[in-house]
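Working notes, structure below.
Rule-based calculations on the coordinates, nothing more; no lab input. Since the structure is predicted, the reported quantities are computational estimates derived from the model, not experimental observations. Neighbour counts are summed over all protein chains in view; Cβ atoms, including those assigned to glycine, are modelled from backbone coordinates with ideal geometry.
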Amino acid sequence: MKYRDRIIIVVIVAILVGAFILAIVNSSRTPIAPTVTNWNTLTTLSTSTSPGLDQSISDGTIKIAYSLIDFTLATTAAAVLIHAYIPPCGEGFLYCLYYDGTRYVGTNFESAGLSVKERMDLMNATSCLTTSPYGDASIMVPDLTGSTDMYSWSEFSKIDDAAAGHYANGSLYRLYVGSKSASTTAVFSGSESAAANVVKPKCYELATRIGQTQYANYPAGAKREFTARDQSDLQASLKEVIDNVSLISGNKNLFK
């Protein structure tokens, strides 16, 4: 056998042995679990049971499902990659789900998002549900309210903002989680199991916002108009997220 033929045979054998070893290693490898990101006790989960909403976040009390196609999650203002005169989420949010799609590129649309806050300053049901979004100086009252044994909610449906040719509108929802009667029962019954089932009262604030610039401010033909239909479609996407907010304890359709 010629020397060159021996070299070829050695190379072929080495390749076959390497492939065999690689197959053994791959067959014994454990699948990598989805990445879990913790932030202020919020956890990013890999899947959601809601149709069309493939991501969800939870703080152990509430769960919010959203579409990764339409929205990106930010936990700090610096992480919001959409820079607009009126940002997609207000200051002080726990997290912001902001729209980063391309459907409205070239229009006077600026930004859209859903912000979530835990209102530590509104720690009883009355203040949580009725305090005006504009502060104590305003007498604005909620348009809708609802209540169950486990939670109460309110909706302020017309929240507007404007500045220097830019304007935004949206809705603000409050969710008070916790049963006063259940807490009282647990305390006076002395039952450890009853106390363990009591939900610590929390007040959540969820606000939707869609911002745009005045279309009339642009020269003719410079921009396509962000139409009423466009706004309606985007509002529907944000409302879908609101409609799928649930409690970890199992309650769904909270704002209905």
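Under the combined filter of DSSP loop state and at most 11 neighbouring Cβ atoms within 10 Å, region 53-141 retains these GluC sites (Glu not before Pro): 91. What residue among 80, 101, 133 has its Cα farthest toward the positive end of the dipole of region 74-159, where the charges are +1 on Lys, Arg and -1 on Asp, Glu, each on the Cβ? It is 101. Applying the criteria of a DSSP loop state and at most 15 other Cβ atoms within 10 Å to the chymotrypsin sites (Phe, Trp or Tyr not before Pro) of region 78-180 yields 85, 134.
Straight-distance candidates among the aspartates and glutamates for linking to residue 63, with alpha-carbon spacing under 14 Å and chain neighbours fewer than 8 residues away dropped: 54, 118, 205, 240, 243. Here the calculated FRET efficiency for residue 150 and residue 223, from their Cβ-Cβ distance with R0 = 51 Å, stands at 0.60, rounded to the nearest 0.05.
Between residue 140 and residue 214, the modelled label-to-label distance comes to 2.1 nm, taking each label 7 Å out from Cα in the direction of the beta carbon. Calculate the FRET efficiency for residue 256 and residue 81 from the Cβ-Cβ distance with a Förster distance of 41 Å, rounded to the nearest 0.05. Calculated value: 0.80. The stretch between residue 105 and residue 54, if pulled fully straight at 0.36 nm per residue, gains 15.9 nm over its current Cα-Cα span. Spacing of the modelled spin labels on residue 164 and residue 126, each 7 Å from Cα toward Cβ, amounts to 4.2 nm.
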